[in-house]
Amino acid sequence: MIIKHTKIKDCIIIEPKTFIDKRGYFFESYNKQLFDLNIGYSVDFVQDNESYSSKNVLRGLHFQKGEHAQAKLVRVVKGEVLDVAVDLRASSETYGAYVSVILSEENKRQLFVPRGFAHGFLVLSDTAIFSYKCDNYYNKNSEGGIIYNDPALNIDWEISEKELIISEKDLELPKFNTIVL
């Protein structure tokens with residue numbers, strides 16, 4: 001596993017070593033011992049989720065608050081997405097900054113999104129299957145979010161806003177400067 005540090009402390013890109021031959025490929029998508037060693041602390045994932053989306057679907061920016069905060073290890077099984085993580089840790093030097101990375105079935109990259117981040121993604125391929133591990137269980141009462149186009153964050157989603165497909169719920173999310181964790 002190759003670890004690439006991003007501009008935001010603790011938000012890490014993971015690239016697996018992929019073994020390819022005439023039969024296809026093999027890679028280790030997760031190894032707790034190596035993961036914890038490279039992250040610097042133990043993360044116990046308790047829930048796996050998967051979503052299927054069409055081109056130009058934007059999901060996010062979502063997070064879980066308080067005792068139900070979640071760290072996520074995200075990847076794309078099929079297709080390609082622009083994945084975004086926004087630092088919501090008030091004490092962080094990078095508070096309000098974001099990281100974006102292309103995750104795809106070809107590059108097999110994963111992004112570790114620590115607790116204290118909002119997360120979202122935009123589907124770039126015709127369809128995408130997005131898979132992620134969480135270190136805490138989902139709790140509806142702890143849901144939070146930030147509107148995807150908040151000017152304070154200035155996220156470059158790389159396509160025109162009129163092309164985006166966004167749920168009504170996500171279109172009603174509050175601005176960054178109004179959130180309380």
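A short reminder: the numbers here are calculations on the coordinates, not readings from a lab. All values reported here derive from a predicted model rather than from experimental measurement. Virtual Cβ from ideal backbone geometry, glycine too; neighbours counted across all protein chains shown.
For region 93-147, name all the residues that are polar (S, T, N, Q) and farther than 29 Å from Phe19 by Cβ.
Passing the criteria: Thr94, Asn136, Asn139, Asn141, Ser142.
Based on this model, can you work out whether Glu168 counts as surrounded by fewer than 13 Cβ atoms within 10 Å (Cβ to Cβ), of a type in the set (Asp, Glu) and within 20 Å of Val99 (Cα to Cα)?
no
Kindly indicate the residue of region 1-22 that is among the hydrophobic types (A, V, I, L, M, F, W, C) and outside any strand (DSSP E or B) and also surrounded by the fewest Cβ atoms within 10 Å (Cβ to Cβ) among those meeting that condition. Can you show your working first?
The first filter runs over region 1-22 and keeps only residues among the hydrophobic types (A, V, I, L, M, F, W, C), leaving 1-3, 8, 11-14, 19-20.
Applying the additional criterion that residues be outside any strand (DSSP E or B) yields 1, 8, 11.
Details: Met1: 16, Ile8: 21, Cys11: 22.
For region 1-22, the residue satisfying everything is Met1.
Can you tell me which residue in region 30-65 is surrounded by the most Cβ atoms within 10 Å (Cβ to Cβ), limited to those that are under 17 Å from the mean Cα position of the chain (by Cα) and on the phi > 0 side of the Ramachandran plot?
Out of the qualifying residues, it is Gly60.
Considering only residues that are touching a residue at least 24 places away in the same chain (Cβ under 8 Å) and either of a type in the set (Ser, Thr, Tyr) or touching a helix residue (DSSP H, G or I) at 6+ places or on another chain (Cβ under 9 Å) (or both), which ones fall in region 172-181?
Listed by number, the list holds a single entry, Leu181.
Residues are listed down the side, and each one gets a yes or a no for (1) in contact with a Phe, Trp or Tyr (Cβ under 9 Å, 6 or more places away or on another chain); (2) crowded, with 22+ Cβ neighbours inside 10 Å; (3) closer than 27 Å to Ile2 by Cα:
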position	(1), (2), (3)
Ser100	yes, no, yes
Lys108	yes, no, yes
Gly120	yes, yes, yes
Leu124	no, no, yes
Ile147	yes, no, no
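Being among the hydrophobic types (A, V, I, L, M, F, W, C), without any contact (Cβ under 8 Å) to a residue 60 or more places away in the chain and part of a loop (DSSP other than H, G, I, E, B) is the filter here, so list the residues in region 137-171 that pass it.
Ala152
Using the structure shown, decide if Tyr25 is more than 20 Å from Tyr138 (Cα to Cα), assigned to a strand (DSSP E or B) and among the hydroxyl-bearing types (Ser, Thr, Tyr).
Yes, satisfied.
What pairs can you find where one residue is in region 12-28 and without any contact (Cβ under 8 Å) to a residue 40 or more places away in the chain and more than 12 Å from Glu106 (Cα to Cα), the other is assigned to a loop (DSSP other than H, G, I, E, B) and β-branched (Val, Ile, Thr), and their Cβ atoms are less than 9 Å apart, with a gap of 6+ or different chains?
Hits for this filter: Phe26/Thr18.
What number of residues in region 41-59 are among the β-branched types (Val, Ile, Thr) and assigned to a strand (DSSP E or B)?
1
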